[in-house]
1. Percent of Cα-Cα pairs per 10 Å bin, from 0 to the last occupied bin, for the chain, please list those.
2. I want the local charge near S76. Using Cβ-Cβ distances under 14 Å, sum +1 for each Lys or Arg and -1 for each Asp or Glu among the other residues.
3. Could you grab the relative contact order for the chain? Cα pairs under 8 Å, six or more apart, rounded to a whole percent.
4. Rounded to the nearest whole Å², what accessible area per residue is found for the chain with the 1.4 Å probe?
5. Per 0.36 nm of contour for each residue apart, how much would the distance between L36 and M79 grow if the chain were fully extended, relative to their Cα-Cα spacing?
6. Rounded to the nearest percent, how much of the accessible area of the chain (1.4 Å probe, protein heavy atoms only) is carbon and sulfur?
7. If R₀ is 30 angstrom, what is the calculated FRET efficiency for the pair L25 and A52, using the beta carbon separation as r and rounding to 0.05?
8. If we sort 9-16, 26-33 on the protection proxy, mean other Cβ atoms within 10 Å, highest first, what's the order?
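The values are calculated or read from the model by the stated rules, or taken from the named source; none is laboratory data. Note that the structure is predicted; figures quoted are calculated from it, not measured. A quick note on method: Cβ atoms are made from the backbone with ideal geometry, for glycine too, and the neighbour counts reach across all protein chains shown. Note: areas computed on protein heavy atoms with side chains; ligands, DNA, RNA excluded. Shrake-Rupley method; radii C 1.70, N 1.55, O 1.52, S 1.80 Å.
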Amino acid sequence: MDPKPLTTAEWAEVGNALKFLWLALGFALIAGSSLLTAHAIIPSIVDTKTVAAKWSRLRAPLYVVGIICFMGIFASLYMASEYTDFLHRMYSRWWQ
């Protein structure tokens with residue numbers, strides 16, 4: 001199977017898919033760091049009395065940000081998959 005070169009519209013689809021993949025990576029980095037901070041770092045430093053107990057109030061907003069970004073990962077991956085139709089047209093039998 002010899003694939004044909006991509007058209008301008010197909011390159012636009014590739015660009016949009018890549019944008020959503022980068023967005024998913026950004027969401028993953030933000031979700032990971034906020035959930036790690038809210039679930040592990042803040043309780044640890046509060047229990048060792050390194051910082052005051054009032055820092056525990058930051059946990060709830062960090063959990064909210066983490067969960068929203070976690071949902072954003074799946075939404076971005078779904079949107080990226082919507083822009084990969086050219087792969088199915090070009091490689092209709094990709095498993096061979």
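1. Result returned by the calculation: 16, 29, 21, 15, 11, 7, 1.
2. My count for the surroundings of S76 gives 0.
3. For the chain, the relative contact order is 45 percent.
4. For the chain, the solvent-accessible area averages 74 Å² per residue.
5. Answer, rounded to one decimal: 12.8 nm.
6. 72
7. In this case the efficiency is close to 0.30.
8. Put in order of decreasing packing, that is 26-33, 9-16.
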